[in-house]
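> Below: one structure in structure tokens.
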């Protein structure tokens, strides 16, 4: 049934659930009596009257958005099934495309790394930390899940403002939010944590006033999906990492556990990202 | 599924003209009005219980053919739109014709089973399908053998897939089934048997043990 009525049910019947799950004798209480009596049936009839009349209208437009029961952000807002399925398909296609591009960049990076080593012979410590094609996350379901999370983050006013206010070349690791790299191998927890911290950081660009928000939503929805990919792929690009001090990403793999433990304080992450220096 | 002839899409029940339309849609999708084809299929599914059980196959083939021919999705879009329209008025459908309601549920579940995106179930349909099945598990519906039969058929076919994409709602559904089985005295013995079978079926990982199978089906099979 619709989320609303489901929630309604679970809260209304939460006592029953408790009995069911952990009560030592679910039968001794209302349940068994309900079986031969009216109490239970009556309640069920109530539910019955209520549910069907409720969902057609009350259902939130984004009721099929996965991963959460609550009304969700503007992703997956389109409520017609045809579009939903097409969006899903498009997302998969984009992920595939990204995968190819990312792989190419990694290969290019590996190659030029070797070149440089030959010429200068000094970059050995760095080299071992660069991701290689073998360490790439290729599980489609994982990538899709991550892409969705990223899209949720990017589909915000804050992100939009951030992108406008801070051009890419001015962003500094540790200070500015950086989209987590979906192609790296991370534990589920580590990834979710990175996303969380990234979103926390993005909130710094939340628009100041509340009015006019609804108006802007539509515009934002239009822009995102595509240029999103572009920004993300920027991550592993080699030149940037060479001429800036942005070693932060190299540190991420072995910081996984640290991040897992640091329960969501943004300041800590800034710290971890700075440590290599 | 249980059909042997691969090319048999059960379209014999259509009038000759429509049969032709469908045949062309299967071969040369871009040469026909695919929205009309979708409408024809949906309409027939709502009337014809036999067709609704297998309509997913023909839909799947048309979808594939359309993608292959011009990378289009006109047919699927129309199909889903129609499904959604009917979904929003499902209570009215049920009130006005149980048979049509059962056909609808059979059809949407069959589409869920056959049409995949990237080999995964279409996310958009997960909750609607659950909504339908949960409706079939409500106390008033459990009194209807037609609805119980339908529910059981659907769980046999797509229960495991559904549980994989959303286990929580499957739990919710099975709370209802247990409640019905235990507490609803007015349920007939046949329906009760089916419910019990479902409980065992899911508990066994969407399989029946051979003994259970014998118990539930020995009477039926010759």
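> Under 8 Å by Cβ, and 6 or more places apart or on different chains, what pairs join a residue from the stretch A:72-88 that is within 7 Å of chain B (Cβ to nearest Cβ) and surrounded by fewer than 18 Cβ atoms within 10 Å (Cβ to Cβ) with one that is at pLDDT 90 or above and assigned to a helix (DSSP H, G or I)?
Pairs found: A:80/B:80; A:80/B:81; A:80/B:84.
> In the stretch B:97-120, what residues are surrounded by fewer than 21 Cβ atoms within 10 Å (Cβ to Cβ) and closer than 20 Å to residue B:144 by Cβ?
B:97, B:98, B:99, B:100, listed by residue number.
> Then there's this: Among the residues in the stretch B:88-96, are any modelled with pLDDT under 95, surrounded by 20 or more Cβ atoms within 10 Å (Cβ to Cβ) and assigned to a helix (DSSP H, G or I)?
no
> Given the structure, is residue A:100 at pLDDT 50 or above, more than 10 Å from every other protein chain (Cβ to nearest Cβ), surrounded by fewer than 18 Cβ atoms within 10 Å (Cβ to Cβ) and not in a loop (DSSP other than H, G, I, E, B)?
Criteria met by residue A:100.
> Could you please let me know if residue B:129 is buried (at least 20 other Cβ atoms within 10 Å of the Cβ) and either more than 18 Å from residue B:84 (Cα to Cα) or facing chain A (nearest Cβ under 8 Å) (or both)?
Answer is no for this residue.
> Next question, about the same structure. Being buried (at least 18 other Cβ atoms within 10 Å of the Cβ) and within 11 Å of chain A (Cβ to nearest Cβ) is the filter here; which residues of the stretch B:182-207 pass it?
B:183, B:184
So that you can scan it fast, the table gives a plain yes or no per residue for (1) within 14 Å of chain A (Cβ to nearest Cβ); (2) in contact with a strand residue (DSSP E or B) (Cβ under 8 Å, 6 or more places away or on another chain); (3) over 20 Å from residue B:158 (Cβ atoms):
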position	(1), (2), (3)
B:30	no, no, yes
B:53	no, no, no
B:103	no, no, no
B:117	yes, no, no
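> Only one residue in B:138, B:154, B:168 is surrounded by 19 or more Cβ atoms within 10 Å (Cβ to Cβ), under 21 Å from residue B:203 (Cα atoms) and facing chain A (nearest Cβ under 9 Å), so which one is that?
B:138
> Still on this structure, I have one more. Within 14 Å of chain A (Cβ to nearest Cβ) and at pLDDT 95 or above: is that true of residue B:178 in this structure?
Spelling it out, residue B:178 is indeed within 14 Å of chain A (Cβ to nearest Cβ) and at pLDDT 95 or above.
> Tell me whether the stretch A:144-167 contains one or more residues that are over 24 Å from residue A:103 (Cα atoms), touching a strand residue (DSSP E or B) at 6+ places or on another chain (Cβ under 8 Å) and modelled with pLDDT under 90.
Yes, the stretch A:144-167 contains at least one residue that is over 24 Å from residue A:103 (Cα atoms), touching a strand residue (DSSP E or B) at 6+ places or on another chain (Cβ under 8 Å) and modelled with pLDDT under 90.
> Every residue in the stretch B:32-54 that is over 28 Å from residue B:98 (Cβ atoms) and in contact with a helix residue (DSSP H, G or I) (Cβ under 6 Å, 6 or more places away or on another chain), please.
B:32, B:34, B:35, listed by residue number.
The values are calculated or read from the model by the stated rules, or taken from the named source; none is laboratory data. Keep in mind that this is a model prediction, so the values were computed, not measured. With ideal geometry, Cβ positions are generated from the backbone for all residues, glycine too; neighbour counts draw on all protein chains shown.
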